[in-house]
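Trainee: What follows is a single structure, and I will ask about it in a moment.
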Amino acid sequence: MIDRQIFADVLIEGLDDWVPIDQLIWAAREGVKGRPWKAFFAELLHFLLENDLIQIGELAAEGFSPWKGEAAEVVQLVLDDLERLSWEPKLGSRAWIATDLQSVVSWGLTPRDPCGMPTV
């Protein structure tokens, strides 16, 4: 199982707004500390999707539009998008992350307010 501290900040940040995929890339890089990280990123993304902790989608005029498909299909869509951008998502990745309070709390993560105080 993947250590929840690797993805905790991404989930909690997602409570306030949609999170760009580069935040999860950064978490994966930090999680493996100097070892090859792209395979771990794919594993982490699959884990989060499979456990219904996140949704991946894109931002549209009406808000967040989740991508449809099984976890493996969505992971492949993200990987294809990142390959298109040479793994530099700030250049225009379509992939964004959405989370919800129930997902965050179900993993024992405590959202905090801007002053660092628990909100649940």
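Trainee: Which of [x] 10.9; [y] 8.0; [z] 8.5 is the computed mean projected area of the Cα convex hull in nm² for the structure on display?
Mentor: Step by step, mean projected area of the Cα convex hull in nm² for this structure corresponds to label [y].
Trainee: Measure nothing but the geometry: give the 0 to 90° angle between the long axis through the Cα atoms of 4-13 and the longest principal axis through the Cα atoms of the chain, rounded to 10°.
Mentor: Roughly 80 degrees, rounded to the nearest 10.
Trainee: Each residue of the stretch 31-36 in turn: what ³J(HN,Hα) in whole Hz from Karplus with 6.51, -1.76, 1.60 and θ = phi - 60°, glycine and Pro shown as x?
Mentor: Listing the rounded values in order: x, 10, 6, x, 8, x Hz.
Trainee: Longest span of the chain, sites excluded, free of trypsin sites (Lys or Arg not before Pro) in DSSP loop with at most 10 other C-beta atoms within 10 Å? It would help to have the intermediate numbers written out before the result.
Mentor: Details: sites that count: Lys33, Lys68.
Maximal segment without exposed cleavage sites: 69-120.
Trainee: Further question on the same structure: Using Cα-Cα distances under 8 Å and only pairs 6 or more residues apart, what relative contact order does the chain have, in percent?
Mentor: Numbers: 141 pairs, mean separation 38.6, N = 120.
Across the chain, relative contact order equals 32 percent.
Trainee: What does the helix-only formula give at 222 nm for the chain: each DSSP H stretch with n ≥ 4 adding -39500 (n - 2.57), the total divided by the residues, and the result rounded to the nearest 500 deg cm²/dmol?
Mentor: Working: 5 runs with 55 residues, N = 120.
That calculation yields -14000 deg cm²/dmol at 222 nm.
Trainee: So what's the gap between the Cα centers of the stretch 53-73 and the stretch 86-109, to the nearest angstrom?
Mentor: Between the Cα centre of the stretch 53-73 and that of the stretch 86-109, the gap is 10 Å.
Trainee: Starting from the Cα of Gln102, step 7 Å along the direction of its Cβ; do the same at Lys33; then give the gap between the two resulting points in nm.
Mentor: Taking the simple label geometry, Gln102 and Lys33 are separated by 3.6 nm.
Trainee: Would you mind telling me which residue in Gln23, Gln55, Gln76 has the biggest mean-square fluctuation in a Gaussian network model of the chain, where springs connect alpha carbons within a distance under 10 angstrom?
Mentor: Gln76
Trainee: Between Asp52 and Glu73, what FRET efficiency comes out of the Förster formula 1/(1 + (r/R0)^6) with R0 = 22 Å and r the beta carbon distance, rounded to 0.05? If you can, show how the numbers build up before the last one.
Mentor: Working: r = 15 Å, r/R0 = 0.69.
Efficiency for this residue pair is about 0.90.
Trainee: Let me ask something additional. Quick one: length gained pulling Arg4 to Arg84 fully straight, 0.36 nm per residue minus the C-alpha distance?
Mentor: Taking Arg4 through Arg84 to full extension adds about 25.9 nm, to one decimal.
Trainee: Just name one of Gln76, Gln102, Val32: the one whose Cα is farthest towards the positive end of the charge dipole of the chain (beta-carbon charges, Lys/Arg +1, Asp/Glu -1).
Mentor: Of the candidates, Val32 comes out farthest on the positive side.
Trainee: Can you give me the accessible area per residue for the chain, using a 1.4 Å probe, in Å²? It would help to have the intermediate numbers written out before the result.
Mentor: Numbers: 7100 Å² over 120 residues.
Here the residues of the chain average 59 Å² of exposed surface.
Trainee: On a 0 to 90 degree scale, rounded to 10, what angle separates helix 71-84 from the longest Cα axis of the chain?
Mentor: That helix lies at roughly 60 degrees to the long axis.
Trainee: To continue, here is another question. Note down the net charge around Arg29, summing +1 for each Lys or Arg and -1 for each Asp or Glu among other residues with Cβ under 12 Å from its Cβ. The partial results should precede the final answer.
Mentor: Numbers: positive: Lys33, Arg35, Lys38; negative: Asp22, Glu30.
That sum, taken over residues with Cβ under 12 Å, equals +1.
Trainee: Give me the dipole magnitude in Debye, nearest 20, for the chain about the Cα centre, with unit charges on the beta carbon: positive for Lys and Arg, negative for Asp and Glu.
Mentor: So the magnitude is around 380 debye.
The values are calculated or read from the model by the stated rules, or taken from the named source; none is laboratory data. Not measured: the values here are computed from a predicted model. All Cβ positions, even for glycine, are placed from backbone atoms using ideal geometry, and neighbour counts span all protein chains on display. For accessibility, only protein heavy atoms count, side chains too; no ligands or nucleic acids. Shrake-Rupley method; radii C 1.70, N 1.55, O 1.52, S 1.80 Å.
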